[in-house]
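J.: First the structure, then my questions, so here it is.
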Amino acid sequence: MIIALPISCGRLASHFTKAQQVSFYDENHQLLLSIPNPALGGNCQDKKALLDAIRSQKTDIVVVQHIGERMLGKLLDAGISVSRGDNQLSIVALLAQSRDVNLRLTAASQGRASLKHLAKGGCCGTKGGCGCSVKTTNAKLRPAAMGLSCFTPPISGSPIQYSGFRQLQK
């Protein structure tokens, strides 16, 4: 069994395709290989290269904290299990809990929606340009709270909200 962990700064990366590297471990939790993340360029071909690297290592489980719905769907379609992890945990703890089926993501809809992808009409700026299936959305965005900007530090103890980036629930 091969387990892949997207790693940044020695911890599980907070977002799968933005990790600095991907490390592959065997069933005894021994490091087999660590590669630079080919998806850091952020375009469709780079993300495909990441998926191809994971497939070529015959990966069984990928542990993620956050992942986009499109990449999650591609991993699941490839027969690769995806397990939710927490970057506050050690690598040893993440590897130990990787087999916990209660932490598995089982549907692409459990990943984060890519509003940017939808807004530009799919891959590479054209509908279906890279073979993706473009879905339409009725997402409604609302502006962030008045008086807050990127340069204003949040009030201590108040959560930061990114309301402009996610779909609002009806």
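J.: Given the structure, is Ser34 in a strand (DSSP E or B) and loosely packed, with under 15 Cβ neighbours inside 10 Å?
T.: When the stated conditions are applied, Ser34 passes them.
J.: Of the conditions (1) surrounded by 14 or more Cβ atoms within 10 Å (Cβ to Cβ); (2) more than 16 Å from the chain's Cα centre (by Cα); (3) under 24 Å from Ser109 (Cβ atoms), Leu50 satisfies every one except a single condition; which number is it?
T.: (2)
J.: Just need a number here: residues in segment 99-114 that are among the β-branched types (Val, Ile, Thr) and under 11 Å from Ile61 (Cβ atoms).
T.: Residues flagged as among the β-branched types (Val, Ile, Thr) and under 11 Å from Ile61 (Cβ atoms) within segment 99-114 amount to 1.
J.: Of everything in segment 76-92, what is crowded, with 19+ Cβ neighbours inside 10 Å, of a type outside the set (A, V, I, L, M, F, W, C) and assigned to a strand (DSSP E or B)? Give them in sequence order.
T.: Ser81, Ser83
J.: State which residue is farthest from Val62 (Cα to Cα) when the search covers only segment 8-22 and only residues that are surrounded by 17 or more Cβ atoms within 10 Å (Cβ to Cβ) and touching a residue at least 60 places away in the same chain (Cβ under 8 Å).
T.: Arg11
J.: State all residues of segment 46-75 that are in a loop (DSSP other than H, G, I, E, B) and either in contact with a Cys (Cβ under 7 Å, 6 or more places away or on another chain) or among the β-branched types (Val, Ile, Thr) (or both); if no residue qualifies, say none.
T.: Correct list: Thr59, Ile67.
J.: Just name the residue that is nearest to Gly41 (Cα to Cα) out of those in segment 93-142 that are modelled with pLDDT of 90 or more, loosely packed, with under 14 Cβ neighbours inside 10 Å and of a type in the set (A, V, I, L, M, F, W, C).
T.: Ala107
The values are calculated or read from the model by the stated rules, or taken from the named source; none is laboratory data. The structure presented is a predicted model; accordingly, all values stated were derived computationally and were not measured. Positions of Cβ are backbone-derived with ideal geometry, glycine not excepted, and every protein chain shown enters the neighbour counts.
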